[in-house]
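The values are calculated or read from the model by the stated rules, or taken from the named source; none is laboratory data. Predicted model only: the values in this text are computed from it and were never measured. Neighbour counts are summed over all protein chains in view; Cβ atoms, including those assigned to glycine, are modelled from backbone coordinates with ideal geometry. When the accessible area is computed, the model is the full protein with side chains, heavy atoms only, and any ligands, DNA or RNA have been set aside. Shrake-Rupley method; radii C 1.70, N 1.55, O 1.52, S 1.80 Å.
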Amino acid sequence: MVILEANKITKVYGEASGEGATTALRGVSLSMNKGDFIAIMGPSGSGKTTLLNVLSGIDRPTSGEVMLAGHFISEMSGDDLALYRRRQLGFVFQEFNLLDSLTVKENIMLPMVLEHKSAGAMEEKVQKLARLFDIEDILHKYPYHISGGQQQRTAVSRALVNEPSILFADEPTGNLDSKSAAAIMECFEKIVRDLSTTILLVTHDVFAASYCQKVVFIKDGLIHSHIVKKGTRKEF
Ligand code: ADP
Ligand code: ADP
């Protein structure tokens, strides 16, 4: 089942014909099926974050269309798009973006609270994700009392509570030591395998990309090449 289809996306920052305009994307097409786990890699300034933002409706393309889970998001109004993002998409960033005044559990619950889910349903969901991501013992703690790795696993849990059609992750391991980065990538592997989650990741980190099924290389706003991994990842 196709979850994401992007067709000839361009993105120009600033007035297209004006001085100082930057062309960040020059006609990028990309397709993802349910359960795909893809990394976008490329040098700094190649357009990775712009692509992720356009594909996830954070930003609009200058031309081209994006279809996400059956909806042409490039044609939605701002309000519809905001609601759609909240209900259908999950986001994880380099900064963990947890709310310091809420516990780990409350942070994870927040997207469900906004959707008026029942207390029982929320509790069940939190426990399931906490087990999966090994944060059961810290649910009562505040973000500043847990490690960076634990904070990111909390952020991933929060991103998944409303069962998004796709999880977008922009440099999710960028602020983590290698051990915590490995733990996050193993979590991603696990949810792709066990929950058929679809994940699109932007990363500088070859080690993180090695967990993905496919790596797409972008350079100067164009997809340059991709590699598809055969078989499972092998640790040495
Ligand atoms: P990457 O994520 O690969 O580092 P970006 O998508 O952030 O690349 O940037 C691609 C190009 O677009 C760069 O030349 C960058 O300077 C430019 N750019 C990114 N965001 C903006 C913006 N908001 N306004 C103007 N130019 C931008
Ligand atoms: P992880 O299991 O996420 O990789 P670490 O190995 O970084 O976590 O940390 C192990 C333990 O050390 C954590 O359970 C946490 O309680 C504690 N810890 C690590 N870093 C911090 C920190 N910056 N603030 C508070 N506690 C920390």
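Mind checking whether some residue in region 52-69 is touching a helix residue (DSSP H, G or I) at 6+ places or on another chain (Cβ under 9 Å), modelled with pLDDT under 90 and over 21 Å from residue 209 (Cα atoms)?
yes
Could you grab the pairs with beta carbons closer than 8 Å, sequence gap of 6+ or different chains, first residue in region 13-30 and closer than 25 Å to residue 217 by Cα, second one assigned to a loop (DSSP other than H, G, I, E, B) and within 16 Å of ligand 2 (Cβ to nearest atom)?
Within 8 Å, no pair qualifies.
If only one of 42, 64, 14, 70 is in contact with a Lys or Arg (Cβ under 6 Å, 6 or more places away or on another chain), over 21 Å from residue 169 (Cβ atoms) and not acidic (Asp, Glu), which one is it?
After applying the criteria, what remains is 64.
Is at least one residue of region 212-225 among the hydroxyl-bearing types (Ser, Thr, Tyr) and surrounded by 14 or more Cβ atoms within 10 Å (Cβ to Cβ)?
No, because not a single residue in region 212-225 is among the hydroxyl-bearing types (Ser, Thr, Tyr) and surrounded by 14 or more Cβ atoms within 10 Å (Cβ to Cβ).
Kindly indicate which of 197, 173, 203 is in contact (Cβ under 8 Å) with a residue 12 or more places away in the chain, of a type in the set (Ser, Thr, Tyr), open to solvent by less than 60 Å² (accessible area, probe 1.4 Å) and within 16 Å of ligand 2 (Cβ to nearest atom).
The match here is 173.
When the residues of region 132-149 are filtered to those that are under 16 Å from residue 188 (Cβ atoms) and assigned to a helix (DSSP H, G or I), which remaining residue is modelled with the lowest pLDDT?
132
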